[in-house]
Amino acid sequence: MKSQLTTLCYLEKNGSYLMLHRVSKKNDINHDKWIGVGGHFEHQESPEDCLRREVKEETGLTLVSFNFRGIVSFISDDDPAEYMCLYTSDNFTGTQIECDEGKLEWVPFEKIDSLELWEGDKIFLNLLKEKAPFFSLKLVYKNGALVEKYLNGNPI
């Protein structure tokens, strides 16, 4: 089984992130969770190609500039590893559209912790909030529970 490459972006505006409440897809590992926008690489895409395409598809917005903030390695049971390129952007244009994967909502930074989030997402969202330099985060899940976590190769 091949590993997966994905992107995730948190769009920032007025002290809020654009969050996607995943409620639309059936058999969605992220069902009922709140996440950023992004998705899987397509054939011969770079991380930036994937990022721009996924943000446009899911939000209708066009990224003008963005910051590559970290790489997150997800290890879950016997599934292939997922390597996620994590971005933020506060510079985009266009008109927001409805997303077929769930409900998009601007959520103030201080309210994000009250959302239904993956445990590992809370870690990287905190790193983003702290303006941490580029990081590598490894998250190991067993049966949906976070059992190990490493920041820049060190257990946390």
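The values are calculated or read from the model by the stated rules, or taken from the named source; none is laboratory data. Worth saying up front: this structure is predicted, and the values here are computed from it rather than measured. Heads up, the Cβs are rebuilt from the backbone with ideal geometry, glycines too, and the neighbour counts pull from every protein chain shown. What goes into the accessible areas is simple: the full protein's heavy atoms, side chains included, and nothing from ligands, DNA or RNA. Shrake-Rupley method; radii C 1.70, N 1.55, O 1.52, S 1.80 Å.
Some notes on this structure:
- Which numbered condition residue 111 fails, given (1) open to solvent by less than 70 Å² (accessible area, probe 1.4 Å); (2) of a type outside the set (Ser, Thr, Tyr); (3) assigned to a helix (DSSP H, G or I); (4) without any contact (Cβ under 8 Å) to a residue 24 or more places away in the chain: (1)
- Of the residues making up segment 1-60, those that are β-branched (Val, Ile, Thr), assigned to a strand (DSSP E or B) and farther than 12 Å from residue 101 by Cα number 2.
- Among the residues making up segment 84-101, those that are loosely packed, with under 15 Cβ neighbours inside 10 Å and either among the hydroxyl-bearing types (Ser, Thr, Tyr) or in a strand (DSSP E or B) (or both) are 90, 91, 93, 95.
- Residue in segment 125-140 that is among the β-branched types (Val, Ile, Thr) and either surrounded by fewer than 16 Cβ atoms within 10 Å (Cβ to Cβ) or within 17 Å of residue 33 (Cβ to Cβ) (or both) present: no
- Segment 63-83: number of residues that are under 18 Å from residue 118 (Cα atoms) and part of a strand (DSSP E or B): 9
- Looking only at segment 15-70, and only at residues there that are among the polar types (S, T, N, Q) and within 23 Å of residue 127 (Cα to Cα), the one that is surrounded by the fewest Cβ atoms within 10 Å (Cβ to Cβ): 65
- Yes/no for residue 138 being more than 24 Å from residue 156 (Cβ to Cβ) and either touching a strand residue (DSSP E or B) at 6+ places or on another chain (Cβ under 8 Å) or not aromatic (Phe, Trp, Tyr) (or both): no
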